[in-house]
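Laboratory data are not the source of any read-out in this text; all were calculated from the coordinates shown. It should be emphasised that the depicted structure is a prediction, and the values quoted were computed from it without experimental measurement. Cβ coordinates were reconstructed from backbone atoms using ideal geometry, including for glycine residues, and neighbour counts include every protein chain displayed.
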Amino acid sequence: MRGSVMGTTVTLAAGVLLTAAVTTASASAPPAVHRSAAHPKPVLVDCLWHRTVRPTDFILACGDGNSRLTGLRWSRWSGQAATAAGVNLLNDCKPYCAAGTFRRYAVTVRLEDPQPWKKDPGVRHYTRMSLTYTGALPEGFQRVMTYPLWD
């Protein structure tokens, strides 16, 4: 009987260790990502390398935060382009940026030219943004300003 108890104990201990090893391995394995299902349309990559779809806010001047888009309302987000209306909050930097005033400018935002993202080539991201100022223009700006986006 003593041999039977010892054998059962060893078998149970081995089973527990095997179950723990399999559970730990499966819990630490990264989940499978299906790019086409997760992101069938391009994403917008911000300066912190986060990908977003239809964000309501977006920082344009990452170094100092002196230009950002707010209140974005997206009317289109397709495989080729995206369009939104919103406001560009822009620091006038007068007399200098730390003492400047943020001014509000109505804009239409257009995202274009989706390409594979260098960080994750299975994901396409928009690579160009155009802002069209629909009212007053910031000093020194043109009616349409086009910017490359982060890759």
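Between Y147 and T56, what length in nm is gained on full extension when 0.36 nm per residue of separation is reduced by their alpha carbon distance?
Details: separation 91, 0.36 × 91 = 32.76 nm, distance 1.87 nm.
Contour length minus the Cα-Cα distance gives 30.9 nm.
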(message) What is the sum of charges, Lys and Arg at +1 and Asp and Glu at -1, for the other residues whose Cβ falls under 13 Å from the Cβ of Y126?
(response) +3
(message) Over 17 Å apart: what share of the alpha carbon pairs of segment 35-148 falls there, rounded to a whole percent?
(response) 55
(request) Determine ³J(HN,Hα), in whole Hz, for all residues of segment 124-132 in sequence, where each value follows from phi through the Karplus function 6.51 cos²θ - 1.76 cosθ + 1.60 and θ = phi - 60°; x replaces Gly and Pro. (result) 9, 9, 5, 10, 9, 10, 10, 10, 10
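Pop the C-beta distance of S75 and T101 into the FRET formula with R0 = 30 Å and round what comes out to the nearest 0.05. Walk me through the intermediate numbers first.
Values: r = 30 Å, r/R0 = 1.00.
After rounding to 0.05, the efficiency reads 0.50.
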